[in-house]
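Notes for the one structure printed next.
Just so it is clear, none of the values below were taken in a lab; they were calculated from the coordinates. Remember, predicted model here, so these are calculated numbers, not experimental data. Every residue, glycine as well, gets a Cβ built from its backbone with ideal geometry; the counts of neighbours run over all protein chains shown.
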Amino acid sequence: MAKTKGILKEIKIEDIVTKRNFRKGLNQKWAEQLSTLYANKVEVEPIVVTPIPEKEGKYELVKGRHRIHGRKLADFSTIKAYVRLYEDEADMVVDAIAGDINGALPMTHEDFVVVANQLLELTGSVRQVVIRLEKVMDRKLAQSYAKTADDHRRHKKISKAMDAVIDKNMRPSDAAEEYGVSEEDLKARIKLRNRGNAKGRKRYHIRDFTGNVGKTAGVYNRNTIKFIEEAIEAWEKNEFASSDIFAIIEHAKKKNEEFSKNIKQIEDRFRLESEKEK
């Protein structure tokens with residue numbers, strides 16, 4: 001990690017870029033408290049940024065998400081920041097999380113998994129991930145997160161190799177070589193995918209999932225249409241007004257839109273996850 005605080009500067013907030021997010025969400029209450037401090041001209045610890053070499057005059061945020069948000073809420077366009085240089089990006093990542101572990105929004109297990117994945121991507125070495133993480137946590141915990149990241153990397157590689165075999169008709173031996181995985185492991189995964197799950201456990205096949213999705217969607221559609229038709233029959237007996245029927249139809253349309261929106265969100269999240277290492 002950087003050995004000095006860095007050079008103190010007043011920087012335009014619009015020139016600060018958040019390239020790496022280690023945590024989800026924001027502690028809005030803390031950001032609002034910071035906003036009040038800024039508005040009352042109370043001295044707040046400067047944020048930490050590092051220059052972006054390929055973008056002159058731009059900085060990457062290292063520490064201070066809540067402070068930037070609080071500053072914006074107080075209608076300021078600039079913020080005090082330590083401009084800090086790092087030996088490498090992995091060093092910067094470790095420095096960033098060092099202040100977050102007990103910060104306004106403490107890091108969760110999932111956050112540390114994200115960090116370990118990023119460190120492995122940056123260093124290419126499980127050992128280096130352990131070395132970096134043990135600067136901010138117990139060695140055994142660092143080893144555990146490093147192993148999780150390595151397992152995740154292997155899963156990604158095999159997943160890409162499977163896609164190549166199934167979608168591009170690549171031979172397993174060629175796909176295994178291209179993606180750096182064991183041909184034996186790849187063939188075992190493909191066999192599992194084609195024939196179902198392992199012996200002694202409930203067996204699944206891809207057709208099971210597509211079939212179940214089709215069944216549940218079909219049942220939903222049939223039931224919805226049935227209810228609407230029953231409501232129309234009641235209208236024909238003067239038990240409902242026309243506006244009631246239109247309201248029921250509108251409600252069904254909204255529910256269908258919500259369903260489609262949820263499916264689209266799942267698709268978008270999975271697309272991002274599956275394309276991270278492409």
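Normalising the Debye intensity of the chain to I(0), with uniform scatterers on Cα atoms only, and taking log10 at q = 0.07, 0.12 Å⁻¹ returns -0.47, -0.96. Antiparallel beta bridges, as assigned by DSSP with both residues in the chain, represent about 65 percent of the total such bridges.
Exposure proxy shown here: for Arg153, Arg71, the number of other Cβ atoms within 10 Å sets the order, fewest to most, as Arg153, Arg71. A helix-only calculation puts the chain at -20500 deg cm²/dmol for mean residue ellipticity at 222 nm, using -39500 (n - 2.57) for each DSSP H run of at least four residues, averaged over all residues. Compare Thr224, Thr123, Thr108 in a GNM of the chain, Cα atoms joined below 10 Å, and give the one with the largest fluctuation. Of Thr224, Thr123, Thr108, the Gaussian network model singles out Thr224 as fluctuating most. Compared with the rule-of-thumb size 2.2 N^0.38 Å for a compact globular protein, the stretch 1-105 has a Cα radius of gyration ratio of 1.02.
With the chain treated as a Gaussian network of Cα nodes joined by springs under 10 Å, which of Glu54, Glu177, Glu14 yields the largest mean-square fluctuation? Top of the fluctuation ranking is Glu54.
Ordering Ala231, Ile52, Thr78 by the projection of their Cα atoms onto the charge dipole of the chain, which places +1 on the Cβ of Lys and Arg and -1 on the Cβ of Asp and Glu, puts Ile52 at the extreme positive end.
Normalised by residue count, the stretch 206-275 yields a Cα convex hull volume of 62 Å³ per residue.
Largest mean-square fluctuation among Gly124, Gly25, Gly57, in a Gaussian network model of the chain whose springs join Cα atoms under 10 Å apart, belongs to Gly25.
The angle between the Cα long axis of helix 206-236 and the longest principal axis of the Cα atoms of the chain comes to about 60 degrees, rounded to the nearest 10.
Could you work out how far helix 89-98 tilts from the main Cα principal axis of the chain, as a 0 to 90 degree angle to the nearest 10? Once rounded, the angle reads 90 degrees.
Taken over the stretch 75-150, the alpha-carbon convex hull comes to 112 cubic angstrom per residue. Among His152, His66, sorting on how many other beta-carbon atoms sit within 10 Å of each Cβ, with the fewest leading, yields His152, His66.
The alpha carbon radius of gyration of the stretch 108-202, expressed as a multiple of 2.2 N^0.38 Å, is 1.30.
What angle do you read, to the nearest 10 degrees and between 0 and 90, between the alpha-carbon axis of helix 242-275 and the longest principal axis of the chain? Result, in degrees: 50.
One decimal place: the segment Phe270-Glu229 gains 11.1 nm when fully extended, by the rule 0.36 nm per residue minus the C-alpha distance. Sum up the charges of everything whose Cβ sits under 13 Å from the Cβ of Phe76, counting Lys and Arg as +1 and Asp and Glu as -1, but leave Phe76 out. Combined, the nearby Lys, Arg, Asp and Glu give +3.
Count the net charge of all other residues whose Cβ sits under 13 Å from the Cβ of Ala31, scoring Lys and Arg as +1 and Asp and Glu as -1. That works out to +4.
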